[in-house]
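Derivation of every value follows stated rules applied to the coordinates shown; laboratory data play no part. Remember, predicted model here, so these are calculated numbers, not experimental data. Note that we place each Cβ from the backbone using ideal geometry, even for glycine, and neighbour counts take in every protein chain shown.
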Amino acid sequence: MLLVRFADGRTRAVDGHSRAPAVASRGTVKVGEQRRGHRACTIPSMPATLDRAQEISLLRRESVGAPAIRGAEESYPVPPSQHRQTQGEGDYLRASPARKLFLRNGQLPEIGSTFRQPVLAATLRWIADLRIEDFYPGGIAQRIAADTGGAGDLITEEDLASCDPLAQVEPVSTAYRDHWISSSPPAGGRAWA
């Protein structure tokens, strides 16, 4: 979710909640498959949410994506939170094709070690250059569907193409003492279309 306050005082929420693929159901995804792996994936909504933020901002697209691209390309020190997460998923990562993205010679990255993500940097640069249209109904969508389709995933190119546009909705607001408080509404579970 993205909460935006405009210069004229209006506040809107961009509904960027991720959603399940169209064919996902209790019958197609078992309880044990809901925590990790391709069958646990939802349709990635972060790129569409950030694109909507870009549309309503005054910042140039290149300047918005530059810090993330630079961090992925040049490296950053592994923070304790990333170390904990990879430790907890170590066995799964070692057995997954994702190991080449997150492990070094089969080893989990240590706190403070240098971590680079050149594949992520290339994807972010691609999105910045070609705009969001290539992520959902274009080349990146085709690559996501091809990569995950062979692993029993449920995400299709049609699911990805239906992600945008995201709805702008009224935030949940209330008065508290001398302040007006606005927040994103809860996930509505609405269908894409």
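Restricting to DSSP H runs of at least four residues, report the calculated mean residue ellipticity at 222 nm for the chain, -39500 (n - 2.57) per run over all residues, nearest 500 deg cm²/dmol.
It comes out at -10500 deg cm²/dmol, rounded to the nearest 500.
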Can you pull the one-decimal nm distance between simple spin-label points at R131 and W180, each 7 Å off the Cα toward Cβ? 3.4 nm
Return the loop-located chymotrypsin sites (Phe, Trp or Tyr not before Pro) in region 42-147 (DSSP other than H, G, I, E, B) with at most 12 other Cβ atoms within 10 Å of their own Cβ; answer none if there are none. none
For the chain, report the translational diffusion coefficient in µm²/s to the nearest whole number, using Stokes-Einstein at 20 °C, 1.002 mPa s, and a Kirkwood Rh over Cα pairs. 113 µm²/s
Where the only charges are on Cβ atoms (+1 Lys, Arg; -1 Asp, Glu), what is the dipole of region 6-49 about its Cα centre, to the nearest 20 debye? 260 debye
Return T174, T28, T123, T49 ranked ascending by Cβ neighbour count within 10 Å, so the fewest neighbours appear first. T174, T28, T123, T49
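Which of rounded, prolate, oblate describes region 79-152, given a ≥ b ≥ c as roots of the alpha-carbon gyration tensor eigenvalues and a/c under 1.5 marking rounded, otherwise prolate only if a/b is larger than b/c?
It is oblate, given that a/c is not under 1.5 and a/b is not larger than b/c.
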Least to most buried among L103, L50, by other C-beta atoms within 10 Å and fewest first, runs L103, L50
Mean projected area (nm²) of the alpha-carbon convex hull when region 33-93 is viewed from all directions: 6.0 nm²
